[in-house]
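The values are calculated or read from the model by the stated rules, or taken from the named source; none is laboratory data. None of the values given here were measured: they were computed from a predicted structure. A quick note on method: Cβ atoms are made from the backbone with ideal geometry, for glycine too, and the neighbour counts reach across all protein chains shown. All accessible areas refer to the heavy atoms of the entire protein, side chains included, with ligands and DNA or RNA removed. Shrake-Rupley method; radii C 1.70, N 1.55, O 1.52, S 1.80 Å.
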Amino acid sequence: MVDRSSVLERRRSPLHALTEELEHGSGAGVQLHEVPFLAQIGLRVRPGSPSAAALEAALAGPLPAGVGQVTALPAGRSTLWLGPDEYLVLAPDERDGGLDPAALTAELVTALGELPGQVVDLSANRTTLELSGPHAQDVLDKSCRLDLDPQAFPVGHAVATLLESVGVIVWRTDVGTWRVMPRASFAVHVARWLLDGMREYR
Amino acid sequence: MTSRRLATGGLIGRDETIKFTLGSTTYAGFAGDTVASAALANGIARVGDSIYLRRPRGVMTCGVEEPNAFVRVEGGYGESMLPATTLELADDLQMTWEDGIGTLDQSVDDAEYDHMHVHTDVAIVGAGPAGLSAARAAVATGVRVTLLEQDFALGGSLLGRPGEQVEGRPAHEWVQQVRAELEAAPNCRILLRTSVFGSYDNNYLVALEKRTGHLTTEGMSRQRVWHLIVGRVVLATGSFERSLIFAGNDRPGVMLASAAQAYLGRFGVLVGERVVVFTTNDSAYPVAADLAAVGATVTVLDARPSAGCQLPPAVDVRFGMVVVETLGDEVVTGVRIASADGSDVVPQELECDLLAVSGGWSPNVSLHSQRQGALRWDERLVGFVPTAPVARQALAGAVLGTSWTEGCLSEGAAAGADEVSPVHAGERADRAGATADLWLVPGPHGDLATHFVDPQRDNTAADVVRAVGAGMRSVEHVKRYTSISTGLDQGKIGGVLTIGLLTQLLSAPDMAAVPAGQPGQVVGDGAEDGEVNEGGRATNASMRPSPGALGTTTFRAPFTPVAFVALAGRSRGQLYDPARLTPSHGRQVELGARFEDVGQWKRAWYFARHGEDMDAAVARECRAARENVAYMDATTLGKIEVRGADAATFLNRIYTNAFAKLAVGKQRYGVMCRPDGMVFDDGVTFRLADDRFVMTTTTGGAARVLEWLEEWSQTEWPDLDVWFTSVTEQWTTIAVVGPRSRQVVAALAPDLDVSKEGFEFMAFRDTTLASGIPARIARVTFSGELAFEINVSGWYGQSLWDDVSAAGESLGITPYGTETMHVLRAEKAYPIVGQDTDGTVTPQDLGMSWVVSTKKEFVGKRSYERASHNATGRKQLVSLLPLDTTLRLPEGSQVIEQAAAPEGPLDGPARMPIPMIGHVTSSYHSQAIGRSFALALVKDGRDRVGQQAVASFGGRFVPVEIGDAVVYDKEGTRRDG
């Protein structure tokens, strides 16, 4: 039996090779770094159904009710609304006290039981970039067509949208802090695209 | 040359000298100058020559409508056709005048351009008195306000009249005060040097900001395209002064009156000291007064019998007079004048060095009109004015014909606060006074050859006469017949002049014969103010159509020129298109992989070792896979997890073959078709549990298959309990292939029984690898060899690549790329959807009837009963073996019957047509059979197996033998190792 920490040692996040590049690209005006290895569990259930109730009970919090909404859950977890019957649960990295994504998935699969719906481990599907600083919104405005001003896009709001031509989730976690979540294969492109837009604000 | 700069006055910084070069001469200007104002200050009257006629030209305007003064800026990127009248003077600008046409710099423009997307509640276009007033009022309501001004200074028309009193203080002080208020407001963004060039539905504005040249931060773009989604748009876009059409009206020294005023008021440049002002309206009188006040000798020739305003002191005003011709060798030295009614038979001459012209005002309606906002011809204002704003827009100021500053302020304030304008419609015409309806002053020589209508295009009144003579009646036709309005200024100078001139030409006596429905036809009665584009009929009994009856040409974006490179923004070079990378991409780079693009994915194509070319590398990789062990990254295959009580039923309907009874722990290859029975995608599907599957798709088809599944689920079979989630990127997949692959997998997964009996073909197992990484290992093959596909979480993709490399090292495991994969699968006639199929190919055509169930219903099934699917002549997949075993047929080569091929070598085109019986879809050299081969779709191909045919490409005709599609290991003996 291989010990768990040596298994975790073997993980590589999509941007592991860009750590320095991200650091060099950051400055007082705007900073960018990867938040790797968040557990991400995809849920597909009809809202208001017994399936939804079962998952809400297991998550100890309601599923978000509409576009942009995020439910904050115990244990540092959140649920993002991605579609009328599609959600994404985010939970801390196992190294930061989170569960093994497989275990978290299994928990929710068990909760759903035979009911209609789907629970899928998507932890490696996307990675998370954190963009912060006084000019973070300016950098996003260069390639995101949504209204990102605070009255239209308050803290705690998250949507699936396009950054330039790439589908991402954009999540405002603080006034000047944004999470940008591209699919893993697009991560390098998205990071370089953001770094490019950051240069004038560094 | 004499300096024309006055010692005082203007809004320039006389303490900040700026050196610039025009041609080979270096000049000095001041901060706040444009290139045109600095040139004029240096006494430069003549700029580049005209485009076709090579006539000398001078600066004519003070803005974006300039038809003559264009420069090319040299530097890293030579930029052409920049109007000198809008180009901000900057240190060390190196320029040359251009003769009406630019030259494209062939070198790459390595400056940066970017985009910005913002939402704003109110956008105000134009920062003249109306726009500034609107911005101030809008800001006071607390909403988000964006003020866009194409100039590098705020103020609009006030810039040319800095001494005018506005709200009790000089105009330039008022502008600075409003600017300070707006800049202090947290809810206001001011964009200078920003031209709104496009206005689209939903109040979507697109604007170009010119940034560097005055700003030089690293990483800052040179130009920025702004995309604005706007709640309410206020158009305070002002108006353009019109010229007049008379002989020699293009001579250097002829300038719009308002431009002469602006060069004086804004830039402290007195363009001429002996000035003739030729006007049809009252707006030129303040110009005359300003010029006279600084010592110029001014004569006003007013085409009207009287003026509607007070006459300025110390100015010689002559009513009922017109300029019939300019005089001078090159620049204007005088004008020939005559009475407007033609009663003065002997024209007089007046000496002058500046002829300031005002032919009336045309509201700048371009952005309004781009949104299909209606226009009407106002007979009193003598201009096209908007009838009403478009939805969620307001208009304010001179764009409506409001010509006096106080009116602009109150109208702007109302527009900014979303209130009704306090300016009464009739008031605009009353305040503007009468404008003479003068469209053409006949010349003294009887011709119209120098009566310029569109100076940039060198189009004259004679060209318009010729167009009408050729039968053109519509403004749009005349535009295209002559090229008027097709220059860089897009009709800002020539558009309304042409329309006015047409009214005159179409009212000539010989126009009575114009066909019904055409402009110029006599009709009984008509409205005074014609609505635009209403049939183009003449509007009154005098047979003279009004400009309103003729209508305008269509206003389109861009309002001012935009470089393609700006529209491209940062999507250039490495950032042009996303490159999708797999977790082990870096490792493959280290191994010397050459990559190919598959959709947006970068896939290893082949791994060239030192000195190898592609053929050698592929041959080596093929041998390794067939004879030893090889591995490849198969991560890019689409993967979709399917779950639900009815998941099996759903898959059974989507795939042509049966899935209902697939056992848990087993996989099955499936083909899905469109309702027309043509192959749509294929792949292997795993059954994880009774209600849970993972489907794989082609790399390129992943997104479209997910949409396809959702579409059938949501719209056709909503009663089925089935759910889909893409897991393409959750998993990374490495294929380990070859007779010795079992040893590698055994080392990687010690807990797994990998024996032939213990791990049968098309089974899969969940296990934990020796590394501790959880994995799903499948026995499946895309080469016909014994093979395993190992799936792990993407987090462990690179680790798995390393572990496979290490586990196979002692065996000499070889990484291979997509080219080898293609060769191996082609030898086994495994089709690639999209390469061997093209949307017209059925599974039966591919020789895969075995994958089409006859017992169940599925998408596409009914189509197989159609005659076209059962008739002979369908193209079927076969192999082609060139008789020359070293010849690789180009993919796409045509296949023809032997008898159809021409005999002997061709020295010209073959006899046409030669009936085609098929085409090559895939073609390779095979290590396994030691020769070249191809896959082809050939009509009734399976009936032709064993026969010879001819492949044709590049003028060659080469003999080939048609064979069974599978060229290697027909019996399938190799898949178990």
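Results, tabulated for the structure shown:
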read-out: Count of segment A:154-191 residues which are within 13 Å of another protein chain (Cβ to nearest Cβ), surrounded by fewer than 18 Cβ atoms within 10 Å (Cβ to Cβ) and touching a helix residue (DSSP H, G or I) at 6+ places or on another chain (Cβ under 9 Å); value: 1
read-out: 2 or more residues more than 30 Å from B:LEU301 (Cα to Cα): qualifying strands (runs of 3 or more DSSP E) within segment B:349-411; value: B:393-395
read-out: Residue, farthest from B:ASP682 (Cα to Cα), within segment B:595-611, restricted to residues that are surrounded by fewer than 16 Cβ atoms within 10 Å (Cβ to Cβ) and charged (D, E, K, R); value: B:ARG609
read-out: Residue list for segment B:563-577, filter: touching a strand residue (DSSP E or B) at 6+ places or on another chain (Cβ under 6 Å) and either at the interface with chain A (Cβ under 8 Å from one of its Cβ atoms) or assigned to a helix (DSSP H, G or I) (or both); value: B:VAL565, B:ALA566, B:ARG570
read-out: Residue match in segment A:101-108 (condition: touching a strand residue (DSSP E or B) at 6+ places or on another chain (Cβ under 6 Å) and in a loop (DSSP other than H, G, I, E, B)); value: no
read-out: Restricting segment A:99-116 to residues that are open to solvent by 20 Å² or more (accessible area, probe 1.4 Å) and of a type outside the set (A, V, I, L, M), the residue that is nearest to the chain's Cα centre (by Cα); value: A:ASP100
read-out: Hits in segment A:114-145 (condition: within 8 Å of chain B (Cβ to nearest Cβ), assigned to a loop (DSSP other than H, G, I, E, B) and farther than 16 Å from A:TRP81 by Cα); value: A:GLU114, A:PRO116, A:SER123, A:ALA124, A:ASN125, A:LYS142, A:SER143, A:CYS144, A:ARG145
read-out: Some residue of segment B:299-306 being open to solvent by 10 Å² or more (accessible area, probe 1.4 Å), closer than 22 Å to B:PRO162 by Cα and touching a Gly at 6+ places or on another chain (Cβ under 8 Å); value: no
read-out: A:SER78 being at pLDDT 95 or above, surrounded by 17 or more Cβ atoms within 10 Å (Cβ to Cβ) and hydroxyl-bearing (Ser, Thr, Tyr); value: yes
read-out: Index of the failed condition, B:SER893 passing every other in (1) open to solvent by 40 Å² or more (accessible area, probe 1.4 Å); (2) farther than 29 Å from B:PHE659 by Cα; (3) under 45 Å from the mean Cα position of the chain (by Cα); value: (1)
read-out: Tally of residues being within 25 Å of the chain's Cα centre (by Cα) and either within 14 Å of chain A (Cβ to nearest Cβ) or open to solvent by less than 10 Å² (accessible area, probe 1.4 Å) (or both) across segment B:223-245; value: 11
read-out: Tally of residues being closer than 12 Å to B:LEU880 by Cβ and of a type in the set (D, E, K, R) across segment B:916-971; value: 4
read-out: Matching residues, segment B:786-804, being open to solvent by 30 Å² or more (accessible area, probe 1.4 Å) and away from chain A (no Cβ under 14 Å); value: B:GLU789
read-out: Tally of residues being touching a Phe, Trp or Tyr at 6+ places or on another chain (Cβ under 9 Å), open to solvent by less than 50 Å² (accessible area, probe 1.4 Å) and in contact (Cβ under 8 Å) with a residue 60 or more places away in the chain across segment B:341-381; value: 18
read-out: Set B:ALA236, B:ALA284, B:ALA288: member being closer than 13 Å to B:VAL357 by Cα, touching a helix residue (DSSP H, G or I) at 6+ places or on another chain (Cβ under 6 Å) and in contact (Cβ under 8 Å) with a residue 12 or more places away in the chain; value: B:ALA284
read-out: Residue match in segment B:501-515 (condition: touching a residue at least 24 places away in the same chain (Cβ under 8 Å), among the small types (Gly, Ala, Ser) and in a helix (DSSP H, G or I)); value: yes
read-out: Where a residue in segment B:160-176 is within 14 Å of B:ARG266 (Cα to Cα) and touching a residue at least 24 places away in the same chain (Cβ under 8 Å) and its partner, wherever it lies, is open to solvent by 70 Å² or more (accessible area, probe 1.4 Å) and not hydroxyl-bearing (Ser, Thr, Tyr), with Cβ under 6 Å and at least six apart; value: B:PRO162/B:HIS172
